[in-house]
Amino acid sequence: MQSCLVPKCLLVIAKSTRMLVQMCVDSRCEVVSIDCFADSDTRQMAKQTYQVASLAWDDVRGAVAAVRKIYGLTELLYGSGLETYPETLSSLEKDWRIIGNSAAIFQRVQDKRDFFARLDSLSIRHPPVVFTKPEDGFDWLLKPWRGEGGLGIRLCNNDEFADGYWQRYIEGRSMSVLFAASRDGVELIGFNEQWTVNSDGGQSFLFQGIVSHAQVSMSIQTDVADWLDKLVNAYGLHGLNSMDFILRDGKCYVLEINARISASAQLYGKSLLLKHLHACQNRLDDSVELSKEPNAYQIIYAQKKVTIPERLAWPIWAVDRPNSGAIVATGEPICSIIATGKNSGQVLDNVHRQQRILANLLETGL
């Protein structure tokens, strides 16, 4: 039976909507989606999928108007990719009820000068940050003002033109925490460990994968919970969000907050949409069932140009599936895999095994 909180049908918009579409379908909510890939599994689950060149307002406004005209929808859920196009979220907010953080909150969290000043004012530890080119070019990362998934992050080179800010590089475990925020407080849903890939294009901090239920000490959990209480209150966050941080020598260093549903949400069971809806209505509900075992999600990037074979029999654990005959350029994502297991070691072993199986399938087409 569908919860009274769950809308009958939603518009979902993101760079890739498959995860959000799956979350909605799992909660018996029908979906119309707008994204940049229109993957085959997304199209199979959604009532209709509109593919757009980018999430810039000029590229999506026609699809948005069509959804309103054909389906009469009024509610919208958004995911990753709008970081680069804040004007799109602002435009959507004029005519749609957004289920998640407002455009103003979403943009305020991304204001790097304000964000790190706020961390300092709240005594929240973070790597040193500067907004003019450092004299010492070693051990600094150059980061774009707006971005997601590690796109555009690179080691600083003092000889090149730069438009962004600089953050001291700290070697350590790349972590995140998925949390639900409301006026009632903050619920820590789970800690996750992330890893990146070094692509041929020199993108050495590109997000590749994440595993849930990462083990962290009680002191780290206490610090993170305290910091999130402060940040949720400062920004007025609600719904599902995540915070990225580096863990080194028993201390965590905050990197950023993702003020929208993050990739880790798909690793905690089939009821996360309900968790998001509850939190957006400013109440935390611990009765929502969550997955208790670790799961992993990994993006498979093309090592060379790949043409997707016709009638490829995709394994059930392969998601974000491109359409038959699609051509994937070197360094671009082919698809993703989701692995399960009884512990994190077994999960990562399964990730590697599934990666090998998929490579063979793509090579042979069988």
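The values are calculated or read from the model by the stated rules, or taken from the named source; none is laboratory data. From a predicted model like this one, the values you see are computed outputs, not experimental measurements. Every residue, glycine among them, receives a Cβ derived from its backbone with ideal geometry; neighbour counts consider all protein chains shown.
Residue 316 meets each of the listed conditions (1) without any contact (Cβ under 8 Å) to a residue 60 or more places away in the chain; (2) assigned to a loop (DSSP other than H, G, I, E, B); (3) within 23 Å of the chain's Cα centre (by Cα); (4) surrounded by 13 or more Cβ atoms within 10 Å (Cβ to Cβ) apart from (4). Residues that are part of a helix (DSSP H, G or I) and touching a strand residue (DSSP E or B) at 6+ places or on another chain (Cβ under 6 Å) were ranked within region 19-40; the one that is nearest to residue 67 (Cα to Cα) is 21.
Screening residue 97 on (1) within 21 Å of residue 6 (Cβ to Cβ); (2) surrounded by fewer than 16 Cβ atoms within 10 Å (Cβ to Cβ); (3) touching a strand residue (DSSP E or B) at 6+ places or on another chain (Cβ under 6 Å); (4) in contact (Cβ under 8 Å) with a residue 24 or more places away in the chain shows it passes everything except condition (4).
Across region 294-313, the qualifying residues are those that are within 19 Å of the chain's Cα centre (by Cα) and among the hydroxyl-bearing types (Ser, Thr, Tyr), and the one among them that is surrounded by the fewest Cβ atoms within 10 Å (Cβ to Cβ) is 301.
Per-residue answers, yes or no, for (1) among the aromatic types (Phe, Trp, Tyr); (2) in a strand (DSSP E or B); (3) at positive phi; (4) at pLDDT 95 or above:
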| residue | (1), (2), (3), (4) |
| --- | --- |
| 166 | yes, yes, no, no |
| 177 | no, yes, no, yes |
| 180 | no, yes, no, yes |
| 223 | no, no, no, yes |
| 228 | no, no, no, yes |
| 232 | no, no, no, yes |
| 244 | no, yes, no, yes |
| 247 | no, yes, no, yes |
| 252 | no, yes, no, yes |
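Among the residues of region 185-212, those identified as assigned to a loop (DSSP other than H, G, I, E, B) and either surrounded by fewer than 19 Cβ atoms within 10 Å (Cβ to Cβ) or at pLDDT below 95 (or both) are 198, 199, 200, 201, 202, 203, 204, 205.
How about region 114-133: which of its residues are buried (at least 17 other Cβ atoms within 10 Å of the Cβ) and either among the hydroxyl-bearing types (Ser, Thr, Tyr) or assigned to a loop (DSSP other than H, G, I, E, B) (or both)? Within region 114-133, 124, 126, 127 qualify.
Residues checked against (1) surrounded by fewer than 16 Cβ atoms within 10 Å (Cβ to Cβ); (2) more than 16 Å from the chain's Cα centre (by Cα); (3) closer than 21 Å to residue 265 by Cβ; (4) without any contact (Cβ under 8 Å) to a residue 40 or more places away in the chain:
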site	(1), (2), (3), (4)
75	yes, yes, yes, no
78	no, no, yes, no
82	no, no, yes, no
101	no, no, yes, no
104	yes, yes, no, yes
109	no, no, yes, no
112	no, yes, no, no
